[in-house]
Structures are given as structure tokens and as C-alpha cells.
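Below is one structure; the comments refer to it alone.
The values are calculated or read from the model by the stated rules, or taken from the named source; none is laboratory data. The structure displayed is predicted, hence computed values, not measured ones. No Cβ is skipped: glycine too gets one built from the backbone with ideal geometry, and neighbour counts run over all protein chains shown. Note: areas computed on protein heavy atoms with side chains; ligands, DNA, RNA excluded. Shrake-Rupley method; radii C 1.70, N 1.55, O 1.52, S 1.80 Å.
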Amino acid sequence: MRLGLALALLTTSAAHADQTKSFLAKHCISCHGPDKQKGNRRFDTLDTDFRSEANATLWQEIADQISSGEMPPDDEPRPPKSDVRRLKAFIDHGLARGTAAPSAVLRRLTALEYRNTIRDLFGIDTTLFDPSGAFPRDLITSGYLLQQCLASAQTVVEKVITPGPRPPVVKIVVDARGLSSGPGVWNFDDHADIVSRYPKDGRLFIKNLPDGVPHDGHYRLRVKVEVVGDRKGHSAQVLRIHPDEDPQLGVLINTPARGSLGEPGLGDHLSKTIALEEGKTEEVELRLWLDRGFAPVLTYPNGPGKVNSMSQKLAKQLDIPPLNKSRATRANFKGPRLRIWSIELEGPLFNQWPAEPHVRLFQKSHDAAEVLERLAVRAYRRKVTPAEIRPITTLVHQRIEAGETFHEAMKAGVKAMLCSPGFLYLEQGADGPLDNHALASRLSYFLWSSMPDARLTALADRGELTRRQVRLTEARRMLSDPKARAFTENFVDQWLGLRRMGEMPPDQKKFDRYYHESVEAHSIAETRLFFQHILDENLGLATFIDSDFTFLNQRLAEHYGLTDLKGDHFRKVSLGPRSERGGLLGHSSILTLTSNGVETSPVTRGIWVLQTILGRTPSPPPPSIKPLEPDIRGATTIREQLAKHRDVEGCADCHSKMDPYGFALETFDPVGISRVKYEEGDREVDSSGVTPDGRAFANVVELKKILLTQTDQFARSVTQKMLTYATGRTLASADRVAVDRILAQLKPRAFGLRDLVLQVVDSEPFRNK
Amino acid sequence: MDGFIVGRRALLRGTGVALALPFLDAMASSRAPTRRMVCIGNDLSFNPDTWLPATTGTAFKPSPLLEPLERHRQSYTVFSHLEHPMINKGHESVHAYLSGVLSSDAKAWPDGNITVDQRAAEFLAGKTRIPSLHIGVSPTSGRMSWTRSGVAVPTTCKPAEIFQALFREDSADEKRQRIHQFEVDRTVLDAVMAQAKDLQRKLGRADQAKLDEYFTSVRAVEKSIAELGQWVHKPKPQADGKAPTNPGGWAELGKLVPIVYDMIVLALRTDSTRVVTFQMEGTQQPVSSVPDVSLGYHTLTHHGKSPERLEQLLLIEKFHTSSFAKFLDQLQAANLLDETMVLLGSGMGNANQHTCRDLPILLAGGGFKHGQHLDVPKGTTGGQNTPLCNLYARMLQRLGLDIDKFNSGSGALTALEFA
């Protein structure tokens, strides 16, 4: 009986295989066969062994292309619907039975995960201190990486294990003579003026702190500051200020180890912005956390722009001699400035000593094995046997015998723990279902990019995480925790490619305002807030394609040409229906990162839409094709040049699929500002086009309407990305079933983003190694 | 030439650093040559129209960009039709300049995407205090040199930092501290190795393969601790005069490049290292210190054939080849040029088109028969020209490595003869 059934299946499947072959022969082989291999695809030699991942991937692609109607191309006859259905059934059947889903492989913590895990393991502040700062971005373990791990671990243990006396509180009081100077800071006998907000120019700090503060800790900062000059009295355009805003004092934190405090270097940390009153002298007091080697920097965040250009223009306008370095001309300057009279810095201030991380680690114990075991359970994120950590306890005992103090020897022990594979790698056990602790780690690294907390660990200890309801409840709790911001930031960075922002920076002269107003940082914030809101409110994924709202502050709103928003804080702003700004395609972050900093490329932007929204990866250009030689002398537009390019047969197939999306986005310049004309040659922007499946659009608003009809496809693409992110492995064709299941659950509920996260947590690939 | 002095004391142009000798005995002719390698990469390439000489062979007529090098005509070879096969992704390919392998493809190659400088540094390991020195012009440089395990070697853009590494003697306390640190690290590595072996027994095959990386890393660090340890007690060369100040993060190209060349000469003269890379990452580099340039460097490479942009681009690129010529002056004056291979080039061919075909490549010094424009065999379509790695194989051979092929190359470029 059983044999008979198997035989029957075999025959049907053989018959279906034949039908499939003839389908391919009829509709596909002329372009993807022995004579031509368009898009580098050949199907006459493709066999039906679905166990091969390479085959399975190609079959998958055939199913997708045929059922979406993208293939065969428009000028070929359409295959009958029944044939398509049969083909799809055959492929789905094959895929479902073909390969087993692969398992995740042992992987190292990413740099970000390492940093967060160190934070949570010891309860230390990693806002300024980045123990993974020198780690390469990849996940390879190399001699270089291990050397960085040793160095970082050394710094960490020095920060955590502090048995020595409480560091003395030192109060530094600095008057005008002790204040730094710079292009945007003018020094006088009894004060210094910050005259520019330009990030490189207007930075004032304590001159005599060349290596930053000597100890970690909280510090009290007091600044005597006066707002001088008139914000309204001069041309706002020349000063590049917003006259109506209250003047602000900015406090940044940076480290001279990155070069000098006089430049942003690899990144200022914005600690606080304080609103001041015009014409008043105030004592501002703040409490700051400073890691060893860091120091505060004062700025005038909404002060005038670059000093040179401003002062020259101002001199011209007021018909006064141009400002130069002489104090006399500077003293006569009536423009707005922040006058700093004195700075006091006092610290480090501790509520208890030894500080909390030390106390928490040792809990008054002097037993190496006890302390190390307690730490190992959390550091390795699983149960640990005493035998396992014996090499480390032995190391500590040997050092004590050799004459080191207990705490000194423990530094070496903890250092070893932080460099051991148990800490650096995410262990997930054998193939098959994850055990409770592996599940806890998977959840916490997915949603927090960090180690499990006490509650999650306790649930794992009790074996409760294998229960579906418990897992989902935990996922909901974790999403509401502030640590879940790591998910938004990290997932958005990877999914949308935001981490590449700044690799092709916009031209500094041409896009001067982009730098003056720190548009890059604001636009990244917009995209993250947008994602966070969709997640919090469980809005549908289609919101990413088009929305009637976004998140803006004054600077970014002005960048977009909207003028009635005041202040630095971001808020939800209604755009109204049919706005070109709605959805991700109107975000300056996306539009900037898909340009090369100089000009826009419909090809690059088209590829982004194709990959990110539609989940398709175009094949690379054939090696023999000569790329476009941009020529801006004549009257040809990029569109005309691309049209010529598309005349070449090898180019047409792919370009007709990606260029149109990019054309629609030509309405935005390389930093995402709306435009109607190109800067060069006075030519008008034409953002119309025809999608590969033949639908015409006049502009980006109409294109988004078309893309909305492809929401299912978009949802599939996002689901795959998130599942990959959550499991830390590439998906294979066998995961198709799991993806389909998630999509089937989500579709009736409009593909809510929060639902998607929970579905991912509930999915089979997530629960298995 | 800017008054460079050869002799027992040398005052270096720009930095005002005087070196107290003894130097390496570069003047002694009896000893075997000390081979060195300097690789300079300009991410934004050189405009092929002004870079390539119109004629080939020994009688080649210098192109506008090569004119400043006329006084070194007999000391360099400029190539045409060298490129990396299969690599043509614009800016994304530039990082494969010295390897011929994209970092994303590294897994498919036996030596990963190791770059020619790192291959040289491996070969020369232990011979100098600094295994290899990597300089960039901005804090974001650092994708030009890659190790065997696929890690990008970080660069420094701070001349003062290089100066310290070369000359500042650690205090007795610092030395003690370093030795102590090495000793701690050795015991730490022993302990983690024991744990790793324990873990390995519990893992499945795929996981074990991944953990192999960890074992290799531990051994690599043990080796480098041993190598570094032996240098702690050896005295550094002495320099009187002050260290250069750092010109700041996004330093002006015009100010930074000459100082960097000075630092490279110092490093080589004192035999502190024998392998140097210098990456000129240009997308954000301010160029206003180059006279008559008003637009951004990256913008200018997207010249779109605009005559005004081309004119300004030529000024910047000529600044680069002139600075390079002065660098060769310094090497020659210090008797280092014949022993030092100096590569100047880019992983990008035509920046306006963003192609990586027909790369601009020039090799000076190092003990080759130079004085020519060497047109190597050209392929019939793009991507089929002579692999640039054939030149790299040749350079490694000159260094003393017994190899016949490097990464994506097909052999060694023997058309370039040893002198």
C-alpha cells in the first residue's frame, strides 16, 4: 500500500517534471539556453534535483519571476494561467521536500554586541567608552582581533576592578587665560567668545587638560556664560542663524586621544544643550559622566556659521573693515556670541567606593573560584561547570602564589574570561531545536543586541523559554524595554544600508548647508524614529513605501523646504496625502546614501528600490561593457545617456528594470532636496517612467502608488531580512515554507511591523539552531 | 629639489627634524641590499588622459602628469594595460588595489585577500621594530591593506604618532609595564586555549571549523608577542628636533602629503620598518591648499568633461606627482631608492566613469631596469588585460620570496627585468 502510494507520487512527479521542461522550452530557453544566457541564467541544463541549493535557488527565482509576471518579458506571449499554476505547484513541492534548512554556525559577537554585553555584564557606562572601537567590522577572528580583545579586556578590568583608594576629588577652575582658542573662538583678556557653530570652528575647552580627565567618574561642570550681541540685528542669512531661537550652550564630550578636542574627529558625543537668555550672565551647572581621557567641549550650537565667510560678508554689508585677528576689530564686532567667563570642573564624584561595578563583581568575596563562577554563568550566558573554568581559576591562583595581590590576579582572570571563546562566541548547541539558554541569547541578541537580563536567564534556568506563550510574552516585554532601541538602530542600519552614510560624503562646498545644519545626523534620526513609530504602533509595512507623516525637527524641515517648524526636537509631522516626502523614498538619509555625494544616479537609486523594496538583486554588468562616460558639457541629460546605454542589448534587460525607479527619484538632489531643474545646464527634471511590468507614472507620488500594489513582495523581502538578522544565518530555499507561513499570518492584519517581529520569534528557523 | 642634504646629519624638508646618527649604514656598498617596499594608492585615481604617455618604450614622451618626474626618468617604469581581472565596481573595488581580490570574495582564495604589502611584511617579520607602517590622509582611510585573514589594517593620519613610534624611547617604567603585559597576556592565552580545546570537543563539525579561526589567532598573537618582546629592550634611533604637529583630522591635502613623505623617509632611513603603505583617500579631503583649486576633489573627478573641472583636477593630480617626485629625491639622496620599490597607482582606472580597467600604475626604484613606458599585453575585452598581480608577484620576487604567482595573477611580470 505504502509502496503503491510512493510509486504513484513518483509518476506524477515525473509527469510534472516533463510538463515543467516543456514550459521552460516554450517560454524561457530562447533567452536562457544554449544560445543566449541573459542575466547570466541558463535553464536547459537545470535539473530537478532540489537537494542542490544552487538548483533550488534558481527554481525559486523562476517561480518568483513567472508568478509576478516579470517574465516572460512584455514582447513575448503570456503563458496560460493554468500552466503557471502547475509550474508553481511543481516548484513549491520540490522546494518543500528538497533541502533541509541549514543551521546557524558558531558566530562571534559583533562589535556592537560586544560593547553592549560588556555594559550589561559589569554595569559600566559605555556611552563614551567603546571597548570594541578598534574591532574590525567583520566577524572573522584573526590575530589582529584577538590582540584588540586583549587590549579592550585590559581596559575593562582596569575600569571594573578598583580596590585602590578613592581617587581624590579635584576642582579645576579656569578663567580666560586657561581657555582654548580656535578659528571660531576669540580670546580676550578676561573672557573668550564662541562666535561660530561650525563643528570644526567653534569649540572651547579647558586648555590645560591635554589628556582628558585622569579618572572615570561623574564630574560637576560649572560654566559662567553670557549671551552677547544681537541675534536679530544682522542679516540672518549672512550669519546663518535663526534669529527667533533662544541662544544655546552646547556641551559635547570628546577625547584628545582621537586627535585633539579642537575637532570633531571620529565623533563628538552630545551631552546636553541648554537654552540661555539673551543679554544675561548665567552660571550653568551640569553633572556629566566622563571616562578617563575624555573632556567636555563647549559650543554655540545655534550660533553663526563659518567665521571667515560670515565676517567678510558682514563687513561688506555693514561697510566696516573686515574682521581680522586683531582684538580691536573683534571687540567691535556686534554679532551674536557666547561669552565664556570661566569654567569649573570638579570630580570624580562617587556615591560609594569602591564603585558599584567592583562591589557587584566581588560581593565582598575573596574566593577566586566563587567570583569567577558567578561571572562565568553570565559571561558565557549558560550553565557552567567548575571544571570548565578551572584553567582560569588556576591562572589566578598561580599569580597570587607568585606574589600578586588577589585583585591584581583577578584582573588577569577576568581578562581571560573576556577573551575566551565562551564569551566571544554565541554558542547554540547541536543542530535542531535550541535549548533554553540558547533561546534566551537568541532573543536578547535579536531585540537588544546584548546579553539576556536576569529575568530571561531565570526563565531559561527554569526551562520555561521553550513554552511558546512565555517566549512571546518575553518578546513583548523586551520590545518595550529601552534596550530595544538597539534593534531599531542596528536593524535599520543593516536593512536600509544606513551604516554606509558618510562613506560618500556630499561635496563640502556644493552642499555647505548639509554640514552647517548637521543634516546627516538629523536625517538618520528621522529614519530611525520613523521605524520606531511603525514598530510601536504596529503599523503596516506599506507605511515604509508611502506615509502621510514623518518625523522632523526645524533643521530637517528646512532642508525639506518646510518652514513652520521650530526647535531641535523631533516630532511627528503630518505630510498630508500624496506627498513626495511620504515613506522611505522621501527620506534624505536614503536619498543621500544612494548618491555619490556629487550627483544623483538613477541606476544606484533604482537598484536600491529594486533590492530593498522589491527584494530583487539585479545581476552585475557583464565585464565587457563599457560604463557610461558622464558628459555634462552638452545638453544631454542622464536620462538621455541611459537611453543610449539601454540600446545596447546586454544592458537593456537589466537597466529597464532598475532605471525607471531611479528616474522617479530624480526629483531629489544628491542630499534629498526637492528640485525641478538640474544645476548644470538649466535642464528640467523629468521624473516620469514606466515600470518593468508596463505601468506608467508621472512622478514619484505615482510610482509609490504602483509600489503599494506590490506590498506582498515588499513584505516578503522585509521578512527574509528580519529572519536573517534574528537567526544570524543566510536563509536557504528550505526556509521558504517558514517565510510563507509568517506572511500568511500577517497578510490579514496588514503586515503590522510589531506582529512581524513576534512572528519571527515564533517561527521555526528562530527556534532552531 | 628642496635643498636636501646628504650626509651624517639630515634636515628634512618641512618637518624640521634632524636625525642624530648612526643610521643604518646605507652608504656601505659591500653588504647585501636591504629590500623595502612602499605602496602608495590614490583612491580617486589619475585621469588617464593626462596620465598615460602617448608613446611606449624607453623613448616614451612624458605625459603632463609625469613631467615632474622627468629627473627620475631612469628610475621608474610606467605601465599600461594592467588591471585586476573580474573586478570593476567603481569605488567599491578600490580596496582591492593591492590584492586583486575583493574582501567579499576573500574566502574563495587560498591566501584570502592578502595585499602585496602584507605578504611582504609576513616575509620580513621580526627584521624591524615595526612590521609594517600604514598611513592614510584621513581618519576614515584604512581599506587599502588587508591581512591574510581578511582584516583591513588600520591607518594613522597623525605624523606625530608615527614620529613617536619611530623615536620616542619608552621610560624604564613603561618598558617594565609592557613586559608585564606581555607576560599576563601569555598566561591569559594559555588559559583560553585550554578552554577552547574543551569547547571544541562539544561542537559539531561546522562549528569546529569556525573555532579553528580562534586557534589560529591565539597562535598568531603568541608569535607576535614573542617578536615584539625582543624589541622592548633594543634602543630606538635618536632624533633631535621636535616631532611634527598633527595637522588635524581632515587636514589639507597640500599640507599633509609632504609631511607624510618625510615620515616615510625617516622610517626607512632608520630601518624602523621596511614596508609602508600610504593611502590617499580623497572623497572628503580639503584641497584648497593646492593653489587655484576651488572645487572638491571628488567633485572634480566627476568632471563630466567640463574644461573648468578638468583644469582644476590636473592641478591636484600634478600636485600629487610633484610631491611624489620630491619623495623620490629624498630617497635617492639617502641612497635608498635602488633598494626601495615604490609603487604609485590606484585601484580605480577612470574615475569619471567609475571603472577599474587600465589602472594607472607606476613603479620606481627597488632594483629594476627602469626608464620605460611598458605596455604589457592587452586583452581583447575589458577584464582580460594583464593582471596587476603579475607585477606584484615580480615585486615579491625582487624582495626575495620564492613564488611564481600572487593572488589573482597568472604569473610574474618578467618583462620588467631586475637591474
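Say whether the condition of being loosely packed, with under 15 Cβ neighbours inside 10 Å and under 38 Å from the mean Cα position of the chain (by Cα) is met by at least one residue in the stretch A:341-350.
Going through the stretch A:341-350, the residues loosely packed, with under 15 Cβ neighbours inside 10 Å turn out to be A:349.
Still in the running and under 38 Å from the mean Cα position of the chain (by Cα): A:349.
Within the stretch A:341-350, one or more residues are loosely packed, with under 15 Cβ neighbours inside 10 Å and under 38 Å from the mean Cα position of the chain (by Cα).
So A:Thr604 clears everything in (1) within 14 Å of chain B (Cβ to nearest Cβ); (2) crowded, with 21+ Cβ neighbours inside 10 Å; (3) within 22 Å of A:Gln713 (Cα to Cα); (4) out of contact with any Pro (no Cβ under 7 Å at 6 or more places or on another chain) except one condition, right? Which one?
Looking at each condition in turn, A:Thr604 falls short on (2).
Run B:Lys305 past the list (1) under 22 Å from B:Glu161 (Cα atoms); (2) in contact with a Lys or Arg (Cβ under 6 Å, 6 or more places away or on another chain) and report the number of the one that doesn't hold.
Only one criterion in (1) under 22 Å from B:Glu161 (Cα atoms); (2) in contact with a Lys or Arg (Cβ under 6 Å, 6 or more places away or on another chain) is unmet by B:Lys305, namely (1).
Within the stretch A:368-398, take every residue that is surrounded by 14 or more Cβ atoms within 10 Å (Cβ to Cβ) and of a type in the set (Val, Ile, Thr) and give me the one that is farthest from the chain's Cα centre (by Cα).
Per the stated criteria, the residue is A:Thr394.
Please verify whether the stretch A:584-592 includes one or more residues that are touching a strand residue (DSSP E or B) at 6+ places or on another chain (Cβ under 6 Å) and either in a loop (DSSP other than H, G, I, E, B) or buried (at least 22 other Cβ atoms within 10 Å of the Cβ) (or both). Show your work before the answer.
Keep residues of the stretch A:584-592 that are touching a strand residue (DSSP E or B) at 6+ places or on another chain (Cβ under 6 Å), which gives A:591.
Checking the rest, the ones that are also either in a loop (DSSP other than H, G, I, E, B) or buried (at least 22 other Cβ atoms within 10 Å of the Cβ) (or both) come to A:591.
Yes, the conditions are met somewhere in the stretch A:584-592.
Any idea which of (1) in contact (Cβ under 8 Å) with a residue 40 or more places away in the chain; (2) crowded, with 18+ Cβ neighbours inside 10 Å is the one B:Thr156 doesn't satisfy?
Failed condition: (1).
Within the stretch B:86-112, take every residue that is within 11 Å of chain A (Cβ to nearest Cβ), in contact (Cβ under 8 Å) with a residue 40 or more places away in the chain and not in a helix (DSSP H, G or I) and give me the one that is most open to solvent (accessible area, probe 1.4 Å).
Among residues in the stretch B:86-112 that are within 11 Å of chain A (Cβ to nearest Cβ), in contact (Cβ under 8 Å) with a residue 40 or more places away in the chain and not in a helix (DSSP H, G or I), the one most open to solvent (accessible area, probe 1.4 Å) is B:Met86.
Looking at the stretch A:106-119, I want the residues that are closer than 21 Å to A:Arg360 by Cβ and of a type in the set (S, T, N, Q) and have a partner that is open to solvent by 40 Å² or more (accessible area, probe 1.4 Å) and part of a helix (DSSP H, G or I) with Cβ atoms under 9 Å, at least 6 apart or on another chain. Which pairs are those?
Note: pairs meeting the criteria are A:Asn116/A:Lys483.
Of the numbered conditions (1) outside any loop (DSSP other than H, G, I, E, B); (2) more than 41 Å from the chain's Cα centre (by Cα), A:Ser365 fails exactly one; give the number of that condition.
All conditions pass for A:Ser365, except number (1).
Output the residue which, of all residues in the stretch B:322-358 that are of a type in the set (D, E, K, R) and not in a helix (DSSP H, G or I), is most open to solvent (accessible area, probe 1.4 Å).
Just the residues of the stretch B:322-358 that are of a type in the set (D, E, K, R), to begin with: B:326, B:329, B:338-339, B:357-358.
Within this subset, residues satisfying the condition of being not in a helix (DSSP H, G or I) are B:357-358.
Values: B:Arg357: 37, B:Asp358: 70 Å².
The qualifying residue most open to solvent (accessible area, probe 1.4 Å) is B:Asp358.
Would you please list the contacts, defined by Cβ atoms under 6 Å and residues six or more apart or on different chains, that run from a residue in the stretch B:138-150 that is open to solvent by less than 10 Å² (accessible area, probe 1.4 Å) to a residue that is modelled with pLDDT under 85 and among the polar types (S, T, N, Q)?
none
Cβ contacts < 7 Å: first residue within 7 Å of chain A (Cβ to nearest Cβ) and basic (Lys, Arg), restricted to the stretch B:207-222; second residue open to solvent by less than 10 Å² (accessible area, probe 1.4 Å) and not in a helix (DSSP H, G or I), any location; separation 6+ or different chain. Result?
B:Lys210/A:Leu106
With the condition kept exactly as written, say whether any residue in the stretch A:460-482 is of a type outside the set (Lys, Arg), within 30 Å of B:Glu281 (Cβ to Cβ) and not in a helix (DSSP H, G or I).
Step one: of the stretch A:460-482, the residues of a type outside the set (Lys, Arg) are A:460-461, A:463-466, A:469-470, A:472-475, A:478-482.
Within this subset, residues satisfying the condition of being within 30 Å of B:Glu281 (Cβ to Cβ) are none.
No: the stretch A:460-482 contains no residue that is of a type outside the set (Lys, Arg), within 30 Å of B:Glu281 (Cβ to Cβ) and not in a helix (DSSP H, G or I).
If you check B:Leu133, B:Leu203, B:Leu124, B:Leu189, which single one turns out to be at the interface with chain A (Cβ under 10 Å from one of its Cβ atoms), of a type outside the set (Val, Ile, Thr) and touching a residue at least 12 places away in the same chain (Cβ under 8 Å)? Steps first, please.
Values: B:Leu133 fails: at the interface with chain A (Cβ under 10 Å from one of its Cβ atoms); B:Leu203 fails: touching a residue at least 12 places away in the same chain (Cβ under 8 Å); B:Leu124 fails: at the interface with chain A (Cβ under 10 Å from one of its Cβ atoms).
Only one candidate passes the filter, namely B:Leu189.
Given the residues A:Pro214, A:Pro301, A:Pro199, A:Pro243, which is the only one that is assigned to a loop (DSSP other than H, G, I, E, B) and within 14 Å of chain B (Cβ to nearest Cβ)? Full working, then the answer.
Working: A:Pro214 fails: within 14 Å of chain B (Cβ to nearest Cβ); A:Pro301 fails: within 14 Å of chain B (Cβ to nearest Cβ); A:Pro243 fails: within 14 Å of chain B (Cβ to nearest Cβ).
Of A:Pro214, A:Pro301, A:Pro199, A:Pro243, the one residue that is assigned to a loop (DSSP other than H, G, I, E, B) and within 14 Å of chain B (Cβ to nearest Cβ) is A:Pro199.
Restricted to the stretch B:160-182, and to residues that are open to solvent by less than 40 Å² (accessible area, probe 1.4 Å) and either assigned to a loop (DSSP other than H, G, I, E, B) or within 12 Å of chain A (Cβ to nearest Cβ) (or both), which residue is nearest to B:Asp111 (Cα to Cα)?
Residue satisfying both the conditions and the ranking: B:Phe182.
Starting from residues that are at pLDDT 90 or above, part of a loop (DSSP other than H, G, I, E, B) and among the hydroxyl-bearing types (Ser, Thr, Tyr), keep the ones in the stretch A:655-694 and report whichever is most open to solvent (accessible area, probe 1.4 Å).
Selected residue: A:Ser688.
Table: residues versus (1) within 14 Å of another protein chain (Cβ to nearest Cβ); (2) open to solvent by less than 40 Å² (accessible area, probe 1.4 Å); (3) not in a helix (DSSP H, G or I).
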| site | (1), (2), (3) |
| --- | --- |
| A:Thr126 | no, yes, yes |
| A:Phe129 | no, yes, yes |
| A:Ala134 | yes, no, yes |
| A:Leu146 | yes, yes, no |
| A:Val157 | yes, yes, no |
| A:Pro163 | no, no, yes |
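Just name the residue that is most open to solvent (accessible area, probe 1.4 Å) out of those in the stretch A:26-60 that are charged (D, E, K, R), within 40 Å of the chain's Cα centre (by Cα) and farther than 17 Å from A:Ala732 by Cβ.
Residues of the stretch A:26-60 charged (D, E, K, R): A:26, A:35-36, A:38, A:41-42, A:44, A:47, A:49, A:51, A:53.
From what is left, the residues that are within 40 Å of the chain's Cα centre (by Cα) are A:38, A:41-42, A:49, A:51, A:53.
Now narrow it down to the ones that are farther than 17 Å from A:Ala732 by Cβ: A:38, A:41-42.
Values: A:Lys38: 49, A:Arg41: 59, A:Arg42: 94 Å².
That would be A:Arg42.
Listed residues B:Thr380, B:Thr386; which is in contact (Cβ under 8 Å) with a residue 12 or more places away in the chain, open to solvent by 10 Å² or more (accessible area, probe 1.4 Å) and among the β-branched types (Val, Ile, Thr)? Don't jump to the end; show me each part of the working.
Working: B:Thr380 fails: in contact (Cβ under 8 Å) with a residue 12 or more places away in the chain.
Every option except B:Thr386 fails the conditions.
With (1) open to solvent by less than 30 Å² (accessible area, probe 1.4 Å); (2) within 14 Å of chain B (Cβ to nearest Cβ) as the list, and A:Val105 as the residue in question, which single condition is left unmet?
(1)
Of the conditions (1) over 16 Å from B:Gln230 (Cα atoms); (2) more than 7 Å from chain A (Cβ to nearest Cβ); (3) outside any helix (DSSP H, G or I), B:Gly150 satisfies every one except a single condition; which number is it?
(2)
Going by the structure shown, is A:Arg500 within 14 Å of chain B (Cβ to nearest Cβ) and open to solvent by 10 Å² or more (accessible area, probe 1.4 Å)?
Details: within 14 Å of chain B (Cβ to nearest Cβ): yes; open to solvent by 10 Å² or more (accessible area, probe 1.4 Å): yes.
For A:Arg500, the condition - within 14 Å of chain B (Cβ to nearest Cβ) and open to solvent by 10 Å² or more (accessible area, probe 1.4 Å) - is met.
Can you name the residue in the stretch A:404-413 that is farther than 10 Å from A:Ala368 by Cβ and at the interface with another protein chain (Cβ under 9 Å from one of its Cβ atoms) and, of all such residues, is surrounded by the fewest Cβ atoms within 10 Å (Cβ to Cβ)? I'd like the intermediate steps shown before the answer.
Here is the first cut: in the stretch A:404-413, the ones farther than 10 Å from A:Ala368 by Cβ are A:404-405, A:407-408, A:411-412.
Keeping just the survivors that are at the interface with another protein chain (Cβ under 9 Å from one of its Cβ atoms) gives A:411-412.
Numbers: A:Lys411: 22, A:Ala412: 24.
Within the stretch A:404-413, the match that is surrounded by the fewest Cβ atoms within 10 Å (Cβ to Cβ) is A:Lys411.
I'd like the full set of residues that are within 14 Å of another protein chain (Cβ to nearest Cβ), not hydroxyl-bearing (Ser, Thr, Tyr) and not in a loop (DSSP other than H, G, I, E, B), limited to the stretch A:503-526.
Initially, the stretch A:503-526 is screened for residues within 14 Å of another protein chain (Cβ to nearest Cβ), giving A:503-512, A:514-515, A:520.
Okay, now just the ones that are also not hydroxyl-bearing (Ser, Thr, Tyr), so A:503-512, A:520.
Within the stretch A:503-526, A:Asp512, A:Glu520 qualify.
Counting only residues that are assigned to a helix (DSSP H, G or I) and more than 8 Å from chain A (Cβ to nearest Cβ), how many does the stretch B:224-234 have? Outline the logic, then answer.
Step one: of the stretch B:224-234, the residues assigned to a helix (DSSP H, G or I) are B:224-231.
Now restrict to residues that are more than 8 Å from chain A (Cβ to nearest Cβ): B:225-231.
The qualifying residues number 7.
For the condition within 14 Å of chain B (Cβ to nearest Cβ), open to solvent by 60 Å² or more (accessible area, probe 1.4 Å) and more than 30 Å from A:Val492 (Cα to Cα), what is the one hit in A:Glu356, A:Glu401? Explain how you work it out, then say what you get.
Working: A:Glu356 fails: within 14 Å of chain B (Cβ to nearest Cβ).
From the options A:Glu356, A:Glu401, the qualifying one is A:Glu401.
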